[in-house]
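Working notes, structure below.
The values are calculated or read from the model by the stated rules, or taken from the named source; none is laboratory data. Being a predicted model, the structure only gives us computed values, none of them experimental. Cβ coordinates were reconstructed from backbone atoms using ideal geometry, including for glycine residues, and neighbour counts include every protein chain displayed.
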Amino acid sequence: MKLPYCFAPRRTRAQRIAALASWLLLASAGAHGATAAELATAQATVDQMPPSATLRKIVENGAIVLGTRESSVPFSYTVKQQPLGYSYEIALKVVDEIKKRLNMPNLAVKNVQVTSANRISYVVNNQVDLECGSTAHVAERDPLVAFSNSFFQYGIRMAVKKKSGIRDYADLANKTVATTAGTSDERILRQMSIDMKLNLRIISARDHAEAFAALKSDRAVAFVMDDPLLYGKIAQEGAARNDYMVTGASLANEAYGCMMRKGDPVFKRIVDDVIANMQRSGEATKLYDTWFMRPIPPDGINLQFPMSAEMKALFANPNDRTVD
């Protein structure tokens, strides 16, 4: 496994100059992104700041790399190869702040699509600088990565077809249930099967779209996942959305945060401050309304998912604590 950037050997001055020279050459050749002057100014700026491996990497590469998702509606998803969503807009706010801090208005943004199964390794192995999607901040992940202030709180429940008659978890006994591989939901579901002696057959799908497809095609009788994601998948069904329902008591309450590599408090503080300022100023509330209470791309679906009391409390008191 590759070492996180913050634990990798520090580049020598000659190596940094060589990397910068490479980007200066690209800039002078008309490449997209920061200009030669911006790169030189940013290098001087980061040299004067408290040490931040992530900011230094961003300057040396002339780009920030964001981890995005394919089908985490409405948090981070892709339409015609373009990422968008509630969480993605938060990531772009962080990018705007980094541009200001580094004096790099033309900083390039590179999007790398990740899955529930590989997102942590992409951060640990230095393949993405920031992942704002639908990643739960749970204690078991703290030894591997750092999390920002939380930007969403939710419960874990299940989506079923109304005609199935399934309303609670005891109704799942000896049946096939879908969830998404690499999520905390998968772990919780497997433990519930053991604790309640349900003898579940569990489909661990590649992503949320594949898991919902198992429910839709009757290969599974339920899809267990974060409730806003369940509402998102149901909303995408158009007129058929009335065939589904979200049910069951919450198996756990969790919170999403942006994920970054450990050992870089300077970078984490920037991300935390952006999220806290959005929440305290009311900007985050407006963003929530845009993505959860209004029609969203590409088909104009409306999740009709009002902000919970827990979310309002989070916005009033921004923090990076786990809920579990």
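Hey, can you tell me all the residues within the stretch 282-324 that are part of a helix (DSSP H, G or I), surrounded by 18 or more Cβ atoms within 10 Å (Cβ to Cβ) and not aromatic (Phe, Trp, Tyr)?
Here is the first cut: in the stretch 282-324, the ones part of a helix (DSSP H, G or I) are 283-292, 309-316.
Subsequent filtering for residues that are surrounded by 18 or more Cβ atoms within 10 Å (Cβ to Cβ) retains 284, 287-288, 291-292, 311, 314-315.
ALA284, LEU287, MET311, LEU314 - these are the residues of the stretch 282-324 that are part of a helix (DSSP H, G or I), surrounded by 18 or more Cβ atoms within 10 Å (Cβ to Cβ) and not aromatic (Phe, Trp, Tyr).
Of all the helices (runs of 4 or more DSSP H) wholly in the stretch 29-117, which have at least 2 residues that are in contact with a Lys or Arg (Cβ under 8 Å, 6 or more places away or on another chain) and in contact (Cβ under 8 Å) with a residue 40 or more places away in the chain?
36-48, 53-61
Considering each residue of the stretch 144-172, count those that are in contact (Cβ under 8 Å) with a residue 12 or more places away in the chain and either under 16 Å from ASP227 (Cα atoms) or part of a loop (DSSP other than H, G, I, E, B) (or both), and give that number.
Result for the stretch 144-172: 16.
Determine whether SER217 is in the same structural domain as ASP264 (by TED's automatic domain parsing) and among the polar types (S, T, N, Q).
no
Can you name the condition, by its number, that GLY263 falls short on among (1) more than 18 Å from the chain's Cα centre (by Cα); (2) assigned by TED's automatic domain parsing to the domain that holds ILE166; (3) not in a helix (DSSP H, G or I)?
The single condition GLY263 does not satisfy is (2).
What is the one condition in (1) of a type outside the set (Asp, Glu); (2) farther than 18 Å from GLY133 by Cα; (3) under 21 Å from the mean Cα position of the chain (by Cα) that ALA309 does not satisfy?
The one condition ALA309 does not meet is (3).
Under 23 Å from LYS262 (Cα atoms) and either surrounded by fewer than 19 Cβ atoms within 10 Å (Cβ to Cβ) or at pLDDT below 50 (or both) - does that describe any residue in the stretch 25-42?
no
Determine whether the stretch 129-149 contains at least one residue that is touching a Cys at 6+ places or on another chain (Cβ under 9 Å) and either charged (D, E, K, R) or at positive phi (or both).
Yes, because at least one residue in the stretch 129-149 is touching a Cys at 6+ places or on another chain (Cβ under 9 Å) and either charged (D, E, K, R) or at positive phi (or both).
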